[in-house]
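Input: a single structure, listed below in structure tokens.
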Amino acid sequence: MRDRGASMAEYALLVGLIAIVALTAVSRLGDSSSGKLSEVADKVDSHPLDQGSNPGPTPTVPTPSVPVTPTSTTTTTIPTATTSTTTTTTTTIPTLDPAYPSTSGFTPPAIDDRGQTWSVSSGLVLRRTDGRTLSGTTATVRVWRKQMLGSYSYWLNETVTVTTRGDGTVNVVTDAFTATGSYRISEIRLELISVDHASWDGVTSSVTATL
């Protein structure tokens with residue numbers, strides 16, 4: 001028991017000594033490290049780095065400007081072909097009786113003698129300046145009649161309005177007048193006095209019939 005107890009005490013003492021030695025070594029090592037760090041710091045403060053050795057901030061290298069070449073746009077206009085259409089109008093001039101004059105006017109008059117009375121009829125044609133006929137055109141005709149009074153006579157007149165047909169002609173027929181006696185009508189005259197159309201050839205004419 002004594003040997004065992006002495007042995008335990010020795011172990012305890014040995015462990016204590018080891019601990020003391022270890023603590024002492026750690027303390028010295030800490031002081032030495034602290035001193036070294038302070039020394040290094042002092043040297044750094046007393047010997048700053050040369051400006052040449054300090055790289056400093058990285059300089060910015062300017063990017064070269066690349067000239068921009070303007071783009072030229074060319075617009076080409078393709079001409080459009082135009083097609084012209086020519087319309088030819090053919091005008092057919094009606095074929096009239098040769099008795100109709102080549103200008104505006106009457107055909108030779110026709111007498112309708114009924115003994116006690118008589119009347120006159122005549123064909124009237126209206127024409128343009130180029131010779132074509134005027135269809136559907138209104139004209140004014142003056143009808144003259146010569147009335148006998150014994151051995152004397154005088155003229156009476158009245159106007160009538162007529163309109164041409166599609167061929168430019170119209171029949172003008174007078175009323176029936178007295179053919180016998182002291183107050184008979186001895187002569188009838190038809191006179192074209194006006195035409196309601198700007199293209200009228202302007203020719204006025206007349207025809208006379210005598211009984």
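The values are calculated or read from the model by the stated rules, or taken from the named source; none is laboratory data. All values reported here derive from a predicted model rather than from experimental measurement. When we count neighbours, we look across all protein chains shown, and the Cβ atoms used for this are built from the backbone with ideal geometry, even at glycine. Accessible surface is based on the protein model in full, side chains and every heavy atom, while ligands, DNA and RNA are left aside. Shrake-Rupley method; radii C 1.70, N 1.55, O 1.52, S 1.80 Å.
Looking at this structure, is Ser122 in contact with a Leu (Cβ under 7 Å, 6 or more places away or on another chain) and either exposed (fewer than 15 other Cβ atoms within 10 Å of the Cβ) or closer than 21 Å to Leu96 by Cβ (or both)? The answer is yes for Ser122.
Residues in the range 85-119 that are in a loop (DSSP other than H, G, I, E, B), more than 22 Å from Leu192 (Cα to Cα) and open to solvent by less than 100 Å² (accessible area, probe 1.4 Å) were compared, and the one that is modelled with the lowest pLDDT is Thr91. Gly181 satisfies every condition listed in (1) within 13 Å of Ser104 (Cα to Cα); (2) assigned to a loop (DSSP other than H, G, I, E, B) except (1). Does Arg184 qualify as being under 16 Å from Tyr100 (Cβ atoms) and open to solvent by 80 Å² or more (accessible area, probe 1.4 Å)? No; evaluated as a whole, the condition is false for this residue. Note on the range 130-147: among residues that are among the hydroxyl-bearing types (Ser, Thr, Tyr) and outside any strand (DSSP E or B), the one that is surrounded by the fewest Cβ atoms within 10 Å (Cβ to Cβ) is Ser135.
Residues of the range 187-200 that are surrounded by fewer than 19 Cβ atoms within 10 Å (Cβ to Cβ) and of a type in the set (A, V, I, L, M): Ile193, Ala198.
With respect to being open to solvent by 50 Å² or more (accessible area, probe 1.4 Å) and touching a residue at least 24 places away in the same chain (Cβ under 8 Å), Arg127 falls outside the description.
When you check Thr204 against the structure, is it of a type in the set (S, T, N, Q), modelled with pLDDT under 95, within 13 Å of Phe106 (Cβ to Cβ) and not in a strand (DSSP E or B), yes or no? Against the criterion (of a type in the set (S, T, N, Q), modelled with pLDDT under 95, within 13 Å of Phe106 (Cβ to Cβ) and not in a strand (DSSP E or B)), Thr204 qualifies.
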